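Accompanying notes for the structure given below.
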Amino acid sequence: MRRPAHHRGELGYWVGVPYWGRGIATEAAGEVLRFAFDVLGLNRVYATHVPRNPASGRVMEKLGMQREGYLRSHAFAGGHYEDLILYAIIAGDRRRFSPET
């Protein structure tokens, strides 16, 4: 989701089980971040993951995103509330993204 007035966007991804552990999310999300900063000129990109999926948090860390908080009962899905862990990166402290990092 892009919020042009605030120069920020939200990053989200979903990878099917047969493709886990192949670096697909890291590579694709890195390209999205490059586009967000270099083409769209965004200042901030944020993303969240559920605590039971720490692999998604590792992807965000590999991309240079920093953990900013823990959002209790933030999302309603599957008939119940879910906690979310919030990560973000801003243009001023980003690094070059590559699948190897």
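Key figures for this structure:
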{"item": "Failed item in (1) of a type in the set (A, V, I, L, M, F, W, C); (2) surrounded by 12 or more Cβ atoms within 10 Å (Cβ to Cβ); (3) in a loop (DSSP other than H, G, I, E, B); (4) free of Cβ contacts under 8 Å to residues at least 40 places away in the same chain, with ALA75 passing the rest", "result": "(3)"}
{"item": "Some residue of the stretch 83-96 being part of a loop (DSSP other than H, G, I, E, B), among the basic types (Lys, Arg) and either within 13 Å of the chain's Cα centre (by Cα) or surrounded by 15 or more Cβ atoms within 10 Å (Cβ to Cβ) (or both)", "result": "yes"}
{"item": "Residue satisfying all of: in the stretch 90-99; touching a helix residue (DSSP H, G or I) at 6+ places or on another chain (Cβ under 8 Å) and within 16 Å of ARG44 (Cβ to Cβ); modelled with the highest pLDDT among these", "result": "ALA91"}
{"item": "Breaking point among (1) within 14 Å of HIS7 (Cα to Cα); (2) not in a helix (DSSP H, G or I), for PHE37", "result": "(2)"}
{"item": "Selection count, the stretch 65-89, where residues are under 21 Å from LEU33 (Cα atoms) and at pLDDT below 95", "result": "0"}
{"item": "Residues that are among the β-branched types (Val, Ile, Thr) and either buried (at least 17 other Cβ atoms within 10 Å of the Cβ) or assigned to a loop (DSSP other than H, G, I, E, B) (or both), drawn from the stretch 1-31", "result": "VAL15, THR26"}
{"item": "Residue selected from the stretch 30-52 under the condition touching a Lys or Arg at 6+ places or on another chain (Cβ under 9 Å) and free of Cβ contacts under 8 Å to residues at least 40 places away in the same chain, by the criterion nearest to GLY64 (Cα to Cα)", "result": "ALA36"}
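The values are calculated or read from the model by the stated rules, or taken from the named source; none is laboratory data. What you see is a predicted model, and the numbers here were worked out from it, not measured in a lab. We place every Cβ from the backbone using ideal geometry, glycine too, and count neighbours over all the protein chains shown.
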